[in-house]
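K.L.:
Please find one structure pasted underneath; my questions will follow.
The values are calculated or read from the model by the stated rules, or taken from the named source; none is laboratory data. Nothing here was measured: the structure is a model prediction, and the numbers come from that model. Neighbour counts are summed over all protein chains in view; Cβ atoms, including those assigned to glycine, are modelled from backbone coordinates with ideal geometry. What goes into the accessible areas is simple: the full protein's heavy atoms, side chains included, and nothing from ligands, DNA or RNA. Shrake-Rupley method; radii C 1.70, N 1.55, O 1.52, S 1.80 Å.
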Amino acid sequence: MFDINNARDFYQKLLEDFDDYIQQPDSARLAMNCAITAHHMADWVWGDFLKEDDTVKARLGVKKKPDFMAWIDRQTVWYGLVQSISNGSKHFVRENAQGTQKVEGWGRGGWGQGPYGASYLAIEVSQTDPKNMTMSQLLEVVIRFWRDFLTQHGPYNPLPKGKTNLSDEQP
């Protein structure tokens, strides 16, 4: 599609969406764009190479795309949250917005959560403290999942890097 032709290119788009969001961490538009891309990485990975790679499918224990989706859910609990945000924004599902919030102003949000004194978006991940995870944290853990998946199972080396260093990367 245009100049995005494979899962590597789509991963680059994911990194660029994340870079944009990090510059404006209180933007619902940018958060949703990044969540939609993170969610649809599975489609690009499956359609680009995994569907035809019997060796990797056997290593993962998957045969069809629903098996792959279930495998992802077993690997990371966070993917389901970006999927919920993605589907909720696409299909106008109000229930998918429950637990999301925009934290604005000084002294708002949970202690030690989010950027100090700056507005940000958060999603509820627990009924006990800390209840919320910042959207930047959620998006990053899903990006790291895809980075690690592509590194271990994908045909693309090297992978692109975004402008934003992930928390497990050296600056």
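K.L.:
Would you kindly derive the ³J(HN,Hα) couplings of segment 20-37 from the backbone phi angles with the Karplus curve 6.51 cos²θ - 1.76 cosθ + 1.60 (θ = phi - 60°), listing them in order in whole Hz, with x for Gly and Pro?
P.N.:
4, 5, 4, 5, 9, x, 10, 8, 4, 4, 5, 5, 5, 4, 5, 5, 4, 5
K.L.:
Would you kindly derive the ³J(HN,Hα) couplings of segment 134-147 from the backbone phi angles with the Karplus curve 6.51 cos²θ - 1.76 cosθ + 1.60 (θ = phi - 60°), listing them in order in whole Hz, with x for Gly and Pro?
P.N.:
Rounded to whole hertz, the list is 5, 4, 4, 5, 4, 4, 5, 5, 6, 4, 5, 4, 5, 4.
K.L.:
Probe 1.4 Å, all protein chains in place: accessible area of residue 125 in Å², nearest 10?
P.N.:
60 Å²
K.L.:
Gain in length, residue 54 to residue 87, computed as 0.36 nm per residue apart minus the alpha-carbon separation, to one decimal in nm? Present the calculation step by step, with values, prior to reporting the outcome.
P.N.:
On the way: separation 33, 0.36 × 33 = 11.88 nm, distance 2.95 nm.
In short, 8.9 nm is gained.
K.L.:
What distance in nm separates the simple spin-label points at residue 168 and residue 19, each placed 7 Å from Cα in the Cβ direction?
P.N.:
2.2 nm
K.L.:
What does the extension gain come out to for residue 6 and residue 125, with contour length at 0.36 nm per residue minus their alpha carbon separation? It would help to have the intermediate numbers written out before the result.
P.N.:
On the way: separation 119, 0.36 × 119 = 42.84 nm, distance 3.21 nm.
Full extension of this stretch gives 39.6 nm more.
K.L.:
Under 5 Å between amide hydrogens, which residues at least 5 positions from residue 132 or on another chain qualify, with H placed 1.01 Å from N in the peptide plane?
P.N.:
For residue 132, the qualifying residues are 125.
K.L.:
Just read off the accessible area of residue 124 with the full protein assembly in place, 1.4 Å probe, to the nearest 10 Å².
P.N.:
Surface open to solvent at residue 124 totals about 70 Å².
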